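One structure is given here, and the rest of the page talks about it.
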Amino acid sequence: MGAVLLATLLSACSGAERPTLVEGPEAVGNSESGEDTTASTDPDDDVDRDPIDRATDAAAAGGLGMLDEPEPITGDVIDPVGSFKAITTAAGVVTPVIGQTAEGYVVQSPCGFERLVSWGQPVGDVQVVLDAGHGGIERGAETDEMAEADLNLRVVRRTASELNDRGIAVVLSRTGDYRMPVIQRTFLADHVEAELLVSVHHNTPAVNPSPTPGTEMYVQNGSTDSRRLGGLIYEEVVEALAEFDVEWVSRSDAGVLAVLNDEGADAYGINRRPTVPSVLAELAYLGNPKEAALLATDDYADAMAAALADGIERYLTTQDPGSGFVEQARSFSPSGDTGGEEGCIDPVLE
Ligand SMILES: [Zn+2]
């Protein structure tokens, strides 16, 4: 199937008025935007481009089950908004609904294309959007045994289950191993008018040995809600990690903090873009071999799911302030090589 798909993709390379798909991982890291492309480990810088009206797009093959560029949507749009804010498609992909025709829902795909799907399970009112960082060819931090993209998803799935059990309405931004630019993750959270967005990550490279975990919560600069959410999740995560006997690593300024780029804006798109309060949670260091062994265990995933759910539930149901705040913002300008839209290929939706 891969070869057939690739041939299809390559044969589709024509015309500038529609997205052009080109195979090859070299497309990632393309710096047409002029952004700094200095290598960086993490996470989620993105490029300011309209997700719908893209003139060109270079695609890197992301594995089986990926879609070709979309056909133009035909037929009258009978509802420019759609009956639901989002649906889960037959293939299990959560997509914002941006319209409806007689043939089905017009959705915004993980890569930001408008696509028509014939059926979807409506997503009801959403309180929480959980975001598993990275995905597809963007693996995030990696060891020989494990990729951050997969670990993030495992933790997020368990957290969603935990929140569901508590009656808190949650949806995942990324439900499988496919790419999803940051702008689409935050669009979903805003589109469904969630109360909060939490993006789960694991850090690298290993830094200094520490008696306590190097957990970091990146919060939106100037947002008291984001700050409180980050402080509550931090409190729960650090307490849960204290149960494990591990040689941790940590930066000296680890905690709950804003990370600002050289223009003074939130450095990470997951913080900068959404209207809803968001937190980027770097739970622990996958880049530290001592921690990586722990991170591979079910005990770890279960502990983090409970801790994240506890922090989120306290945010929603109490006025607790949280803790772990670092007043001094960190300065960091991410590279443009991850979290953007260049080279994005959609997963099969149905
Ligand atoms: Zn990450």
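The values are calculated or read from the model by the stated rules, or taken from the named source; none is laboratory data. Since the model is a prediction, treat every value here as computed from it, not as a measurement. Here the Cβ is made from the backbone with ideal geometry for all residues, glycine too, and neighbour counts use every protein chain on show.
At a glance:
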item: Failed item, numbered, when Cys111 is tested on (1) at pLDDT below 95; (2) within 13 Å of Thr95 (Cα to Cα); result: (1)
item: Residue match in the range 141-158 (condition: on the phi > 0 side of the Ramachandran plot and either free of Cβ contacts under 8 Å to residues at least 24 places away in the same chain or among the acidic types (Asp, Glu) (or both)); result: no
item: Enumeration of residues in the range 165-197 that are within 14 Å of the ligand (Cβ to nearest atom) and in contact with a Ser or Thr (Cβ under 7 Å, 6 or more places away or on another chain); result: Met180, Arg185
item: Residue in the range 256-279 that is surrounded by the fewest Cβ atoms within 10 Å (Cβ to Cβ), counting only those that are of a type outside the set (D, E, K, R) and without any contact (Cβ under 8 Å) to a residue 60 or more places away in the chain; result: Gly264
item: Selected residue (criterion: farthest from Ala329 (Cα to Cα)) from residues of the range 245-255 that are small (Gly, Ala, Ser) and surrounded by fewer than 23 Cβ atoms within 10 Å (Cβ to Cβ); result: Ser250
item: Criterion (under 30 Å from Gly65 (Cα atoms) and out of contact with any Leu (no Cβ under 6 Å at 6 or more places or on another chain)) met by exactly one of Glu282, Glu291, Glu236; result: Glu282
item: The range 138-191, subset crowded, with 24+ Cβ neighbours inside 10 Å and among the hydroxyl-bearing types (Ser, Thr, Tyr), residue farthest from Ser109 (Cα to Cα); result: Thr159
item: Enumeration of residues in the range 107-124 that are among the charged types (D, E, K, R) and either loosely packed, with under 15 Cβ neighbours inside 10 Å or outside any strand (DSSP E or B) (or both); result: none
item: Among the residues listed as Gly99, Gly75, Gly104, the single one being in contact with a Pro (Cβ under 6 Å, 6 or more places away or on another chain), surrounded by fewer than 23 Cβ atoms within 10 Å (Cβ to Cβ), over 28 Å from Met304 (Cα atoms) and not hydroxyl-bearing (Ser, Thr, Tyr); result: Gly99
item: Subset tally (residues that are within 12 Å of Ile270 (Cα to Cα) and assigned to a loop (DSSP other than H, G, I, E, B)) for the range 181-192; result: 1
item: Filter pass, Ala206 being modelled with pLDDT under 95, small (Gly, Ala, Ser) and under 26 Å from Ala147 (Cβ atoms); result: yes
item: Filter result (touching a helix residue (DSSP H, G or I) at 6+ places or on another chain (Cβ under 8 Å), small (Gly, Ala, Ser) and within 16 Å of the ligand (Cβ to nearest atom)) within the range 199-247; result: Ser199, Ala206
item: Strands (runs of 3 or more DSSP E) lying entirely in the range 206-252 (those with 3 or more residues that are in contact with a Pro (Cβ under 7 Å, 6 or more places away or on another chain)); result: 248-250
